[in-house]
Every structure is written in structure tokens, then in C-alpha cells.
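FYI, it's all coordinate maths here, none of it is from the lab. Computed from a prediction, not measured in an experiment: that's the story for all the values here. A quick note on method: Cβ atoms are made from the backbone with ideal geometry, for glycine too, and the neighbour counts reach across all protein chains shown.
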Amino acid sequence: MKKWVAYILVLITVINSFQFSAAAVNDLSISAKAALVMCADSKEVIYAHNAYEKLPMASTTKIMTALILAEQPSLDKTVIVTKQMVTVEGSSMGLLEGDTVSYRDLLYGMLLASGNDAANTVAYVLGGGPGGFAKIMNKKAKEIGLKNTNFVTPSGLDDDNHYTTAYDLALLTSVALKNKAFCAACGSKTATLYYGNPPYRRSLTNHNKLLGNYEGLIGVKTGFTKKSGRCLVTAAVRDGKKIIAVTLNAPNDWQDHKNMLDYGFENTVTTTNNTDNLPDTIELISGDADLVKIATEKVEICTTLPKSSSIKQKVLLPKFVYGSLFAGEKVGRVEYYLGEQLIKTANIYSLADVKLYNRKEDFLKRFYSALCTLWNYS
């Protein structure tokens, strides 16, 4: 009996030791009220803490405002600043009534200097004012799939009905980082801009202290009000992995994000798309060749270990291409899914130039060849 008791005690000790070790591996010590770490490619949640609680988000709001601006047809378009546009409290890029400023400068003014004046100007230019622009923001939020977010202000100034979650903010960021103009702005440590009346040279510095102090960091946005506390969204890329970290109300946010991004990189892997079973030629109609060689671009997909084997691919390639092709021309694509979620695409492209079949030229060649043959035999 004593032996069995001893065995049971040893077993309990081993189990408790294992549980403690597992907790130690998965535990991430942070100061934030809410936090989330996400793999940008697969949208997989790597770490979450109160990630679905609705909270104020301060100037991280400007991720949405900046994305909507960055998606405009031309960022070189300029606007004359009105008194309404700059009648707003808080941080500023230094706009004054009568200034001429480009969309591009407004983008940098929001993402570097966190200018509330820049965000307010965008709201008036694109939405007729904060109320109209909030409708645009919320429509965009719905399209992206943000289910627990509501925008009232373009800058992030406090309002009881202005809120998001750490998860929604990460999801928004994953979309924003696909926009080249947004990415270029949020990842800039400094920027030289030209605005004013008349425009003159200005320099802005990014509020994000981790830029240049964390390997692979590519942005994204800081935020603070007394109600929201310190809010921060960051993203970093290493070895094909793109990791997003979000904290809301985090007194020690800089250290939190270093720990969270490290955790993200340590707990994900990248897998290269499999092209072995993809076609290597495509049929041509009315081209100089019947078949042309094609290839699929290589892409790396970041995912967590348990789900890395569940990535499925869908090939979207026509049965044939009509006419001519040039080397590098896109002829189709491969879509990669994790479950039902589209996580990445890879283009399929031509490896050779193929001219359009010229019937008249071909007839003349055949006719000339026939004449030569008859002449030789005559």
C-alpha cells in the first residue's frame, strides 16, 4: 500500500512539474490590459490576452485613417487647409489654415508625428468631416472583418463609442501592411516633407522608438490618451516571417513588444509553397508556338507549427492563352489556404516571348517555299 502511495505521489509531482514547465514556456509576461501576437500571413493568433475586449485605442486609430488615404488613386494630390480642418486638439504635424499639403505628406504626418490635424484634414477631404469619414471607416472595418470595432473620430480622440479590440487592430494592420505607401510611411524613422503657405521643407521624426532598435521592425503606430493609456501596434519581418504585435493600455509597451515579437518569431515556422505538382506549360491559341513554358513564383508562408501541414493550394490557370505572350507575363495564380482563410497568393508567369501567329506572313512564306520547290524541280 505504501508503495502505491509513493508511486501516486511521484506521479503527481511529475505531472505538476510538467504543467509548470508548459506554463513557463507559454507564459509571456506583459504589462498590457489587452494584447495579441499574430502571424500576418495566416492571420493565426500566436498569443492572446484579453484580445477580444473592447477598449479605446487612441492614435492607433490612424492605421485605418492612413490606410483609407493610402488607397486613394494619387497621393500627389494637394489640398488647401481650412480652419475647420486644423481645429482639433492633441498632437500635430504643424498644419495651419491656408497651407498647401499633399495627400502623401498627410500620410506621413499621421504615421510619424501622429498628427491629429492631418487625420482631421483627411476626414474633411475624403468624408466631408469627422462624421462622414467615420461612416467610411466603419464600412471599411466591416469589409475587413472587424467585428468588435467602431470608429467615431479619425484621430483616436476619446469617445465612449470609439473602440476596438487587440485582435481587430492586428487584423486591420495585416491588411494595411499590404499597401506599399502605408508600409513605406509607417516604417520611416524620419521624413522630409514640403507643406505650408507657400510650401517649404519640414522634417518629421517617427514616435516609434523601436524603429532601428529592434531587428526587422517595419512600424506601425503609437497611441496615447489618459483614457486609453499607452497603445502600440508593431510589426517585424525576419526570415520570411511577418509578425504583428498589439497592446492596449500597456504601461511598459516598448518592452512588451520586444518580448511579444520575440515570442512570435520563436513560435512560428515558414513553409515554402510546393510547385512540384503544378503544370510547367500552357497551351497557346494563335501564337507562334503551341505550348509555352510557365513557372510559379516562390513564396514563403508563415504559420504556427501545428497547422503548417494543413495549408492547401488552389490553382487558377486557364486551359489556354490566346495570342501573344511576353516573358514574365502573368497567366494565372496559385492561392494558398489555411482552412477557409486565404493566406497568400503566388503568380504563375510565362518564361518566354511568343508572338501572335501572322496568317498573312505564314501564307507568303508557304507560297514562297512552294515556288522555290517548283523552280528547283523545273
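So what's the gap between the Cα centers of the range 145-221 and the range 230-300, to the nearest angstrom?
Using only Cα atoms, the two centres lie 21 Å from each other.
Would you kindly derive the ³J(HN,Hα) couplings of the range 131-136 from the backbone phi angles with the Karplus curve 6.51 cos²θ - 1.76 cosθ + 1.60 (θ = phi - 60°), listing them in order in whole Hz, with x for Gly and Pro?
In residue order, the calculated couplings are x, x, 6, 4, 5, 5 Hz.
Give, in nm to one decimal, the length gained when the segment between Q255 and Y194 is fully stretched (0.36 nm per residue of separation minus the Cα-Cα distance).
Working: separation 61, 0.36 × 61 = 21.96 nm, distance 3.45 nm.
Result: 18.5 nm gained on full extension.
If amide H atoms are built 1.01 Å from N in the plane of the peptide, which residues on other chains or at least 5 residues away come under 5 Å of the amide H of L284?
L291, V292, V321
Could you give me the ³J(HN,Hα) list for the range 325-331, computed from phi with Karplus coefficients 6.51, -1.76, 1.60 and θ = phi - 60°, whole Hz, x at Gly and Pro?
9, 10, 4, x, 6, 6, 10
If you take the beta carbon distance between Q341 and N274 as r and set R0 to 25 Å, what does 1/(1 + (r/R0)^6) give as a FRET efficiency, to the nearest 0.05? Spell out each step's value before the answer.
On the way: r = 18 Å, r/R0 = 0.73.
For Q341 and N274, the calculated efficiency is 0.85.
On the principal axes of its Cα set, how long, how wide and how thick is the range 153-225? Give whole Å, largest value first.
Rounded to whole Å, the extents work out to 39, 33, 23 Å.
Once you have a ≥ b ≥ c as the square roots of the Cα gyration tensor eigenvalues for the chain, tell me rounded if a/c is under 1.5, and otherwise prolate or oblate according to whether a/b is larger than b/c.
On the way: a/c = 3.01, a/b = 1.31, b/c = 2.31.
Oblate is the answer for the chain, as a/c is 1.5 or above yet b/c matches or exceeds a/b.
Among the listed pairs K147/K221; K209/K241; K139/K298, which are separated by more than 24 Å between their Cα atoms?
K139/K298
In sequence order, what are the phi-derived ³J(HN,Hα) couplings for the range 251-264 according to the Karplus relation 6.51 cos²θ - 1.76 cosθ + 1.60 with θ = phi - 60°, rounded to whole Hz, with x for glycine and proline?
x, 10, 5, 4, 5, 3, 6, 4, 5, 5, 5, 4, 4, x
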